[in-house]
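For reference, the structure is listed below as structure tokens.
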């Protein structure tokens, strides 16, 4: 029996809980899983959240897989957007934490975003099987 998800809760008034999904899934599968069980794939809108991933990943690290996971950022051909469809859950911003020389859309096939264990982002093929970071929103208004 394998563990499907681990919990790392952010202790703040925002009310976000991040769930690490250890089963490998492509981006579409990961997003479906997150939307079915939580709110969506993780939306990272500041450096604190990016650093948080680094800490939690090491606390929950599973040595059987790569140290990368899907987050909810994708390229819709015009710009990078978060997968979360309800903009009321988070404030719009320009925060990005790309690894050096990224995004590069290697071979024109990298339209989804993975996060490394160091918190930096990379664009990757949406078909790559990876772990995922889902999040759940708790509380009245995450924008405050």
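Since every read-out is calculated from the coordinates, none of them should be taken as a lab result. Note that the coordinates shown come from a computational prediction; the quantities given were computed from them, not determined experimentally. Note: ideal-geometry Cβ built from the backbone for every residue, glycine included; neighbour counts use all protein chains shown.
Sort 17-24, 110-117 for me by packing, meaning the mean count of neighbouring Cβ atoms within 10 Å per residue, highest on top.
Numbers: 17-24: 19.4, 110-117: 21.8.
Going by the mean number of other Cβ atoms within 10 Å, highest first, we get 110-117, 17-24.
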Subtracting the Cα-Cα distance of residue 118 and residue 28 from 0.36 nm times their residue separation yields 30.0 nm
Expressed in nm to one decimal, what extension gain is obtained for the pair residue 127 and residue 96 from 0.36 nm per residue of sequence separation less their Cα-Cα distance?
8.9 nm
Estimated distance in nm for a label pair at residue 104 and residue 77, the labels positioned 7 Å out from Cα along Cα-to-Cβ
2.5
